[in-house]
Amino acid sequence: MRQYIAYALVLGIIWCFVSGKISILNFMFGSFLGVLTMLSLKKLYRLEEDTSCGNCMRRIPKLATFLTILMIEITKASVLIAKIILGPKLDIRPGIIAVPIRASKDASITAIANTISLTPGTLTIDVSDDMKTLYVHSIDVSDPVALKASIRDKLERYVLEAFE
């Protein structure tokens with residue numbers, strides 16, 4: 001219960017800065033919206049589990065690393081896609097591959113799927129029923145083993161560190 005109160009207070013402060021009006025009434029409204037948001041998402045994020053302040057503070061550098069790696073991968077993929085588009089010959093082999101994942105939490109699986117979809121040239125299509133495999137469409141699957149390794153080593157690894 002204490003973590004709900006702490007999160008509601010933080011979300012109230014964030015609401016004040018986002019809305020551009022810092023007042024007690026606006027803070028209370030933001031906190032109320034935060035409580036409603038947490039209640040609607042509590043099954044997905046399980047706020048009761050592992051929510052100590054120290055754990056949250058330890059995740060900040062890992063989240064920063066994840067976001068940095070994500071920006072680097074998006075930039076590299078954008079350059080690759082630009083080279084494909086601007087090249088004189090369209091030499092691609094689009095296809096769908098099955099990528100086994102190690103994530104166990106719903107939030108981690110969602111983060112991995114969204115990270116793949118944010119990277120230009122790839123799109124997460126589906127998740128298997130047992131939540132152990134992602135089906136990914138790629139603009140070029142000429143080397144599916146390297147593509148799977150890239151997703152597991154560059155994207156999934158940092159998602160697991162940040163979210164699990």
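The values are calculated or read from the model by the stated rules, or taken from the named source; none is laboratory data. All values derive from a computational prediction rather than experimental measurement. Please note: Cβ atoms are built from the backbone with ideal geometry, for glycine as well, and neighbour counts cover all protein chains shown.
Some notes on this structure:
- Among the residues of the stretch 60-106, those that are in contact (Cβ under 8 Å) with a residue 12 or more places away in the chain, of a type outside the set (A, V, I, L, M, F, W, C) and either in contact with a Leu (Cβ under 7 Å, 6 or more places away or on another chain) or more than 18 Å from ALA146 (Cβ to Cβ) (or both) comprise LYS62, THR65, GLU73, SER78, ARG102, SER104, LYS105, ASP106.
- Matching residues, the stretch 134-148, being part of a helix (DSSP H, G or I) and farther than 13 Å from ARG102 by Cα: PRO144, VAL145, ALA146, LEU147
- Residue match in the stretch 94-109 (condition: in the same structural domain as GLU156 (by TED's automatic domain parsing), among the hydroxyl-bearing types (Ser, Thr, Tyr), modelled with pLDDT of 90 or more and surrounded by 13 or more Cβ atoms within 10 Å (Cβ to Cβ)): no
- Filter result for the condition that a residue is crowded, with 16+ Cβ neighbours inside 10 Å, among the basic types (Lys, Arg) and out of contact with any Lys or Arg (no Cβ under 7 Å at 6 or more places or on another chain), over LYS154, LYS76: LYS154
- The stretch 141-157, residues that are closer than 25 Å to THR68 by Cβ and in contact (Cβ under 8 Å) with a residue 24 or more places away in the chain: LEU147, LYS148, ILE151, ARG152, LYS154, LEU155, GLU156
- Selection within the stretch 97-109 - more than 12 Å from GLU164 (Cα to Cα) and out of contact with any Asp or Glu (no Cβ under 9 Å at 6 or more places or on another chain): ILE97, ALA98, PRO100
- Matching residues, the stretch 64-105, being farther than 15 Å from GLY121 by Cα, part of a helix (DSSP H, G or I) and of a type in the set (A, V, I, L, M): ALA64, LEU67, ILE69
- Among (1) part of a loop (DSSP other than H, G, I, E, B); (2) modelled with pLDDT under 90, the one test that LEU9 misses: (1)
- Filter pass, ILE112 being among the aliphatic types (A, V, I, L, M), part of a helix (DSSP H, G or I) and either over 30 Å from LYS43 (Cβ atoms) or in contact (Cβ under 8 Å) with a residue 12 or more places away in the chain (or both): yes
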